[in-house]
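Reading through the structure tokens given below for one structure.
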Amino acid sequence: MLRNIKKLLEQGENQKVEFKEALLEFPKSTYETICAFLNTDGGEIILGVKDNGKITGVSSNKINNMKNDFINVMNSGSKINPAIHLDIKDIEIEGKTILYISVFQSSQVHRCNGKTFIRQNESDFDISNNNNAISKLYLTKDSSYSENRIFPAVRYEQLREDLIERGRKLALIQNSNHPWKEMDNLTILKRSSLYIEDPRTGEKGYTLAAILLFGTDELIASALPAYRIDVLKRVNNITRYDDRLDLRTTNLLESYDKILEFIAKHLPNPFYLEGSQRINLRENIFRELVANIIVHKEYANAEPTRIIIQRNLIHTENSNKPYINGIINLDNLVTHPKNPNITRFFKEIGIVEELGSGIEKIIHYCKEYTGNEPIIRDENMFTFELKHNLFSISLQENEVTEKKVIQSSDTVKGKVIQSSDTVKEKVIQSKNQKLTIEFCTIPRTSAEIKDYLGLKSKNNILQRVINPLLEQGILIRTIPDKINSSKQKYVVKNTEISDN
């Protein structure tokens with residue numbers, strides 16, 4: 001977050017960035033800028049900064065009042081209509097405090113104090129009296145966001161209250177004072193733009209986004225008969241599949257859970273330390289990737305979403321309305337939600353982070369997970385490809401090899417037995433090394449490691465487990481100058497070592 005703020009300050013104000021001084025009070029013009037960002041391409045607002053990027057800060061005794069007033073105004077609909085929930089964060093930079101607001105591009109047309117604003121270059125323009133501009137804005141929203149399609153015949157009883165309640169609880173975990181805490185379910189849906197009224201036709205109803213998030217299986221099937229997410233493991237049986245998850249009528253919340261369960265079942269989770277903290281690489285990558293797939297899919301397209309785990313490649317493809325039209329990298333990364341209301345709901349419940357940060361995290365951890373950066377293309381089909389060797393080095397593959405060796409025992413018997421024993425020994429050694437790495441996140445003696453593994457010989461522990469890990473640089477000695485010290489312990493490299 002801090003790195004992003006510094007980058008914005010260096011770049012200066014533009015179509016999607018606005019600075020405002022706010023030493024003692026919340027600038028009223030901020031709401032016009034929010035309205036303009038909602039109606040155009042979204043953007044970021046930094047309060048406590050001059051137009052030239054110089055940080056002036058926000059008075060420390062005014063921060064809480066400003067934040068509370070902002071949240072109350074945004075959720076009341078008194079300034080911005082339709083009402084919309086946005087976060088405001090206080091951030092320390094160069095010894096001063098600033099306030100940061102990230103604004104989604106909305107799939108609806110919003111008004112501020114009854115006026116409609118759009119963003120052009122570095123300015124907010126009132127187009128309320130320009131009928132052509134208003135019509136063009138509505139047409140743009142209609143053609144861009146299928147999630148906003150109204151289904152007037154859908155009744156509240158066709159939505160699952162348990163999922164709405166689940167969303168409320170998850171939002172409160174993120175923020176115990178979240179506005180949803182005091183709202184009834186219908187108000188939550190309205191404030192999340194999941195139940196809307198078309199101001200041109202007067203048509204009211206639940207949207208496609210509401211159906212996808214909270215609909216029953218029967219409702220989803222009738223609203224989107226071609227909806228499908230196909231998840232395959234195709235490692236051994238490459239003509240068909242080893243395992244499959246076929247989601248056709250499952251709501252987005254439960255789809256997210258089921259896809260992650262499938263991935264956890266079939267992909268390894270290697271030990272990895274970032275500094276002194278253990279990081280779950282698999283979870284960090286695929287939580288972000290699956291969330292991005294769900295919130296950016298073009299649901300009006302009948303082409304199914306596919307996630308395929310292959311022996312040396314993980315591949316996904318998702319119907320899409322492209323924004324970049326090419327390969328995504330950290331230099332051209334932009335915040336452009338394809339389904340703003342679904343994205344915002346997932347953000348409120350803690351599944352989606354700040355837009356853009358998810359892709360950054362995916363790229364970073366993919367390199368740690370596989371040694372390769374993913375290739376991500378934003379085209380008519382949004383695709384993700386990650387080359388890997390996860391299965392060739394996994395313990396599961398070693399066990400398969402061992403099994404094949406044993407099954408071939410009707411060949412030259414002596415050689416087979418010898419080969420089988422060698423493979424089995426390597427499997428056991430691999431298991432013991434993996435357990436040792438997990439055990440030594442704090443310093444351990446060789447005797448403690450021996451007892452933990454349930455082995456008898458201290459010499460075998462040193463020769464077969466500890467020394468190979470020392471040679472690979474995974475373990476280090478706590479007393480490197482006295483290798484044979486009676487107080488010698490071993491710990492995973494980069495782990496903070498206590499004086500005890």
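The values are calculated or read from the model by the stated rules, or taken from the named source; none is laboratory data. These numbers were taken from a predicted model, which means no experiment stands behind them. Because the Cβ atoms are built from the backbone with ideal geometry, glycine has one as well, and the counts that use them run over all protein chains shown. The area values use the complete protein model at the heavy-atom level, side chains included, leaving out ligands, DNA and RNA. Shrake-Rupley method; radii C 1.70, N 1.55, O 1.52, S 1.80 Å.
A few notes on this one:
- Evaluating 6.51 cos²θ - 1.76 cosθ + 1.60 at θ = phi - 60° for every residue in the stretch 207-216, the Karplus couplings come out as 8, 4, 4, 4, 5, 5, 7, 10, x, 6 Hz, glycine and proline recorded as x.
- Accessible surface of the chain [probe 1.4 Å, protein heavy atoms]: carbon and sulfur percent: 46
- Amide hydrogen neighbours beyond the local backbone of LEU313, cut-off 5 Å, H modeled: HIS388
- Stretched out straight at 0.36 nm per residue, the stretch from SER176 to ASN280 would grow longer than its current Cα-Cα span by 34.8 nm.
- Share antiparallel - DSSP beta bridges, the chain, percent rounded to 5: 85
- Accessible surface, per residue, of the chain when the full set of protein chains is kept, probe 1.4 Å, Å²: 50
- Cα-derived Rg to Rh of the stretch 255-386, Kirkwood definition: 0.94
- Built amide H within the under 5 Å cut-off of GLY205, gap 5+: ILE196
- If the segment from TYR156 to ALA302 were pulled out straight at 0.36 nm per residue, it would be longer than the present Cα-Cα gap by 50.0 nm.
- Globularity index of the chain, i.e. its alpha-carbon radius of gyration over 2.2 N^0.38 Å: 1.18
- Residue-averaged 222 nm ellipticity for the chain, from DSSP H runs of 4+ at -39500 (n - 2.57), nearest 500: -12000 deg cm²/dmol
- Cβ screening of the chain for cysteine pairs under 4.7 Å finds these without a partner: CYS366, CYS440.
- Other residues lying with their Cβ under 11 Å from the Cβ of GLU373 contribute a combined charge of 0, Lys and Arg counting +1, Asp and Glu -1.
- A 1.4 Å probe over all protein chains sorts TYR452, TYR156, TYR145 by accessible area into TYR452, TYR156, TYR145, starting with the largest.
- When each of the peptides 438-451, 170-183 is scored by the mean number of other C-beta atoms lying within 10 Å of its residues, the order from highest to lowest reads 438-451, 170-183.
- Centroid-to-centroid separation of the stretch 436-472 and the stretch 131-201 [C-alpha atoms, Å]: 56
- From most to least packed by mean Cβ count within 10 Å, the peptides 209-219, 243-253 give 209-219, 243-253.
- Label-point separation in nm, ASP126 to LYS96, each point 7 Å along Cα→Cβ: 3.0
- For the stretch 198-300, a/c is not less than 1.5, where a ≥ b ≥ c are the root eigenvalues of the C-alpha gyration tensor, and a/b does not top b/c. That puts it in the oblate class.
- Integer Hz, Karplus 6.51/-1.76/1.60 couplings in order for the stretch 160-177, x for Gly and Pro: 8, 5, 5, 6, 5, 5, 4, x, 4, 5, 5, 5, 5, 5, 6, 8, 5, 10
- Remark: the chain carries a charge dipole of roughly 1400 debye about the Cα centre, counting +1 on each Lys and Arg Cβ and -1 on each Asp and Glu Cβ.
- Neighbours of PHE26 by Cβ distance under 10 Å: Lys/Arg scored +1, Asp/Glu scored -1, total +2.
- Take the Cβ atoms of LYS265 and ARG311, set R0 to 22 Å, and the FRET efficiency comes out at 0.85.
- Helix axis angle, 29-39 relative to the chain longest principal axis, alpha carbon, degrees: 70
- Across LYS67/LYS181; LYS181/LYS347; LYS79/LYS204; LYS141/LYS190; LYS62/LYS181; LYS79/LYS190, pairs whose alpha-carbon gap is larger than 20 Å: LYS79/LYS204; LYS62/LYS181
- Shape class of the stretch 1-90 from the alpha-carbon gyration tensor: oblate, with a/c at 1.5 or above and b/c at least as large as a/b.
- For the stretch 248-322 and the stretch 24-92, distance of Cα centres in Å: 33
- LYS361 paired with ASN68, simple spin-label distance in nm, labels 7 Å along Cα-to-beta-carbon: 3.1
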